[in-house]
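Colleague: Structure provided below as structure tokens; questions to follow.
The values are calculated or read from the model by the stated rules, or taken from the named source; none is laboratory data. Owing to the predicted nature of the structure, the values given are computational and were not obtained by experimental measurement. Cβ atoms come from the backbone with ideal geometry, glycine included; neighbour counts cover every protein chain shown. SASA here: full protein model, heavy atoms, side chains in, ligands and nucleic acids out. Shrake-Rupley method; radii C 1.70, N 1.55, O 1.52, S 1.80 Å.
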Amino acid sequence: MSLNLGSALWTASAVNMAHLFRMNLGNILLLEGIAIILSNALILRNFDWRRMLGNVLFMVPFSYLVSGIAQMLTVFHIQHLSLVPSVILDIIGVMMIGCGVSIYQRVNLILHPNDDFMQILRFKYFHGNAVIASLVAFIVPITITTICFLIQRHLWAVNIGTVVALLFQGTFIALSDRYVFKKLKHQRL
């Protein structure tokens, strides 16, 4: 967000909803997360209170940290970098997100609801395929962003980084599963 080259898809959808509803990004991320927690329970046909509590425990600080860090990074004026370093930094950020998601999905103590959603899809419907599960999970934020665009006639936080996340997030997760902490396996699915 700070580079203004686009966010990951869920964050981009939240940024667009924040503009549409004139709400704080942290609050929108929190509300979006609660909706996904409920959706996950419906998909699993099980209100697993431990899982849902874990989602909330991860999501609440994460929602406000993302909002706060995005604002804080503007202090370093990274939004004024030229295009090439900005794109490289943005792609590295998307890759790091994929790597982080891979690691903490395999540890599976507590997950952000959006990543839990992708993992549910991945192992319940797509035989462990992170690429397909990621693309299917992204239908939701793409739909939200599209609706916001149709209402506002403007997009926020959608750019090169968003496209990279859409096309390669699942691949970054799958590659990280294979090459980062190789002995770490998916658990408690």
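Okay, residues lined up against (1) farther than 17 Å from Val66 by Cβ; (2) under 16 Å from the mean Cα position of the chain (by Cα); (3) not in a loop (DSSP other than H, G, I, E, B):
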residue: Gly6; (1), (2), (3): no, yes, no
residue: Ser13; (1), (2), (3): no, yes, yes
residue: Met23; (1), (2), (3): no, no, no
residue: Glu32; (1), (2), (3): no, yes, yes
residue: Asn40; (1), (2), (3): yes, yes, yes
residue: Phe47; (1), (2), (3): yes, no, no
residue: Arg51; (1), (2), (3): yes, no, yes
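Colleague: Within the bounds of the range 134-147, is there any residue that is of a type in the set (S, T, N, Q), out of contact with any Pro (no Cβ under 8 Å at 6 or more places or on another chain) and farther than 15 Å from Ala12 by Cβ?
Modeller: no
Colleague: If we keep just the residues of the range 90-116 that are modelled with pLDDT of 90 or more and not in a helix (DSSP H, G or I), which is surrounded by the fewest Cβ atoms within 10 Å (Cβ to Cβ)?
Modeller: Ile110
Colleague: When you scan the range 163-178, do you find a residue that is in contact with a Phe, Trp or Tyr (Cβ under 9 Å, 6 or more places away or on another chain) and of a type in the set (S, T, N, Q), even just one?
Modeller: Yes, some residue in the range 163-178 is in contact with a Phe, Trp or Tyr (Cβ under 9 Å, 6 or more places away or on another chain) and of a type in the set (S, T, N, Q).
Colleague: Same structure again: Among the candidates Val136, Val163, Val158, single out the residue that is under 30 Å from Leu20 (Cα atoms), in contact (Cβ under 8 Å) with a residue 60 or more places away in the chain and assigned to a helix (DSSP H, G or I).
Modeller: Of the residues listed, the single one that is under 30 Å from Leu20 (Cα atoms), in contact (Cβ under 8 Å) with a residue 60 or more places away in the chain and assigned to a helix (DSSP H, G or I) is Val163.
Colleague: Among the residues of the range 150-170, write down those that are closer than 12 Å to Ile97 by Cα and open to solvent by 70 Å² or more (accessible area, probe 1.4 Å).
Modeller: The answer is Phe168, and nothing else.
Colleague: Among the numbered criteria (1) within 16 Å of Thr171 (Cα to Cα); (2) buried (at least 18 other Cβ atoms within 10 Å of the Cβ); (3) in contact (Cβ under 8 Å) with a residue 24 or more places away in the chain, which single criterion is violated by Ile120?
Modeller: That leaves (1) as the condition not met.
Colleague: If you don't mind, another one. Give me the pairs: first residue in the range 58-76 and among the β-branched types (Val, Ile, Thr) and in a helix (DSSP H, G or I), second residue at pLDDT below 75 and open to solvent by less than 80 Å² (accessible area, probe 1.4 Å), beta-carbon distance under 6 Å, and six or more apart or on different chains, which are they?
Modeller: Filtered contacts from the range 58-76: Thr74/Ser2.
Colleague: Oh, and also: Limited to the range 148-165, what total is found for residues that are closer than 20 Å to Val136 by Cα and at pLDDT 95 or above?
Modeller: The qualifying residues number 1.
Colleague: Could I ask something else about it? Listed residues Ile173, Ile142, Ile147; which is free of Cβ contacts under 8 Å to residues at least 24 places away in the same chain and open to solvent by less than 90 Å² (accessible area, probe 1.4 Å)?
Modeller: Only one candidate passes the filter, namely Ile147.
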